[in-house]
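The values are calculated or read from the model by the stated rules, or taken from the named source; none is laboratory data. Quantities reported herein were computed from a predicted structural model and do not represent experimental measurements. FYI the Cβ positions are ideal-geometry reconstructions off the backbone, even for glycines, and counts take in every protein chain you see. Each accessible area value is taken on the protein alone, full model and side chains, heavy atoms only, with ligands, DNA and RNA left out. Shrake-Rupley method; radii C 1.70, N 1.55, O 1.52, S 1.80 Å.
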Amino acid sequence: MRERRLVRLLVQGISPERLLLKIRRLRIPIYNVKKVSATKLLLSVKTKDEKKVLALENSVYKIAAVYKDERLKNLLKRTGLWIGIACFLALTLLSGSFCLSVNVVGAEGLEHEIKEVLTEEKVKPFSRFPKDTNRLSARILGVDGVAFCSVKRLGTTLLIEVVTSPFQKAKQESGDMKAEVFGELTELCVLSGTSQKKIGEKVSAGETLVCGYVIAGETKTEVFVRAFARIRVRVQITVRAQSPAVAFAKACFEEFGGFLPSEEIEEKSVQETTDGYLVTIVYTAVQSMNF
Amino acid sequence: MRLYSEIFKKINVSELFEGARCDFFPFGGGYFQGVKSIGELSEERILLVFKRADVLVTGENLSLEKYFEGDLKIAGKIRSVSIVEGSEK
């Protein structure tokens, strides 16, 4: 049954219960009538009848509405309303601390690395906002190629703006620089590290040319080797072929897997022998490390 | 209730009492029909004016729970309901 909305009225005057007859004649239902004192009477009528009853006020009877009690009581009775308010407040408080989406802008080519950082920092949609955005920003700045990073919170979105550097820093190799071929060291330029060979020395494949440390006094400091070397290589291969040209080609493919550029070949000769052709190629191999 | 309907069949209620009727529970509330007006109202005494007579209701914490078109419901502890002497009309 729908609860009626009532308004509480206070009637003041001599024998205020006589007013009940007038109200009755207006065919207005009256509720909860209580005589407070000899000259005061409290009664309730439906909200829609309030104006009609107030119009009965005259010099004998004073009628005034007492809103506070009924309305507050009615409001407190509305359980659904209070549950709704509580749910709304809870959602408002909680939603503010959860990140509903993560938007990364400007990370061309570095999405994978940045995504790895976000995964390690446990930043993803529907997770809590990171407490320390500076830490996240610092971690993203640590990714090679990132020149600038800004982490901002916009409502329920975490906006990560990244600016990449036009000159990406190459990854540095650590360790010693070793010869890749057997030959004579003709040039060695060392910007960082300690050279182990001199110009004109013979070097073997795998032999250390530059070590990854420097010694200053009694202190040995590990460094990244930055060096450049040229090694003259003399290759002699005996191949069976129909002609010297074919023999040369076969020798190139056997040794290098293809032809060397002509500017790299310093000498070449093909001599016929009893086993075929002896192909001799002299070229310079160039190698560098962190250069 | 069947008992009431049987009693009322024998008595022509509307003619005899002109719609006036009192139902009450001792030490409980009461329901009154045909009330023309309220003569007196307090927590201990309520005087109901009917067409043919006045009825005095006494008790404790009495209040009018509802009053509409002659139908009146009294809440509280009714101790007695009596016709006021000399009030027959």
### Query
Would a scan of the range A:80-95 turn up a residue that is open to solvent by less than 100 Å² (accessible area, probe 1.4 Å) and touching a Phe, Trp or Tyr at 6+ places or on another chain (Cβ under 9 Å)?
no
Next on the checklist: Can you find a residue that is of a type in the set (D, E, K, R), at pLDDT 85 or above and not in a helix (DSSP H, G or I) anywhere in the range A:101-108?
Outcome noted: no
Restricting the range A:39-51 to residues that are β-branched (Val, Ile, Thr) and either more than 15 Å from B:Lys66 (Cβ to Cβ) or open to solvent by 60 Å² or more (accessible area, probe 1.4 Å) (or both), the one farthest from the chain's Cα centre (by Cα) turns out to be A:Thr39
Expected single match for among the polar types (S, T, N, Q) and either touching a helix residue (DSSP H, G or I) at 6+ places or on another chain (Cβ under 7 Å) or part of a loop (DSSP other than H, G, I, E, B) (or both) among A:Gln271, A:Gln242 is A:Gln242
Among residues of the range A:195-239 being outside any loop (DSSP other than H, G, I, E, B) and touching a residue at least 60 places away in the same chain (Cβ under 8 Å), the residue farthest from A:Asp176 (Cα to Cα) is A:Phe228
It is to be established whether one or more residues within the range A:41-56 are within 19 Å of B:Ile38 (Cβ to Cβ), away from chain B (no Cβ under 14 Å) and not charged (D, E, K, R). yes
From the option list A:Glu207, A:Glu180, single residue qualifying as at pLDDT 85 or above and open to solvent by 80 Å² or more (accessible area, probe 1.4 Å) is A:Glu180
Somewhere in the range A:19-38, is a residue more than 14 Å from every other protein chain (Cβ to nearest Cβ) and either of a type in the set (A, V, I, L, M) or crowded, with 18+ Cβ neighbours inside 10 Å (or both)? no
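Given the condition part of a helix (DSSP H, G or I) and farther than 15 Å from A:Ala65 by Cα, answer yes or no: does some residue in the range A:24-32 qualify?
The answer is yes; a qualifying residue exists.
Does A:Leu75 satisfy the criteria of being modelled with pLDDT under 85 and either within 14 Å of chain B (Cβ to nearest Cβ) or surrounded by 10 or more Cβ atoms within 10 Å (Cβ to Cβ) (or both)?
yes
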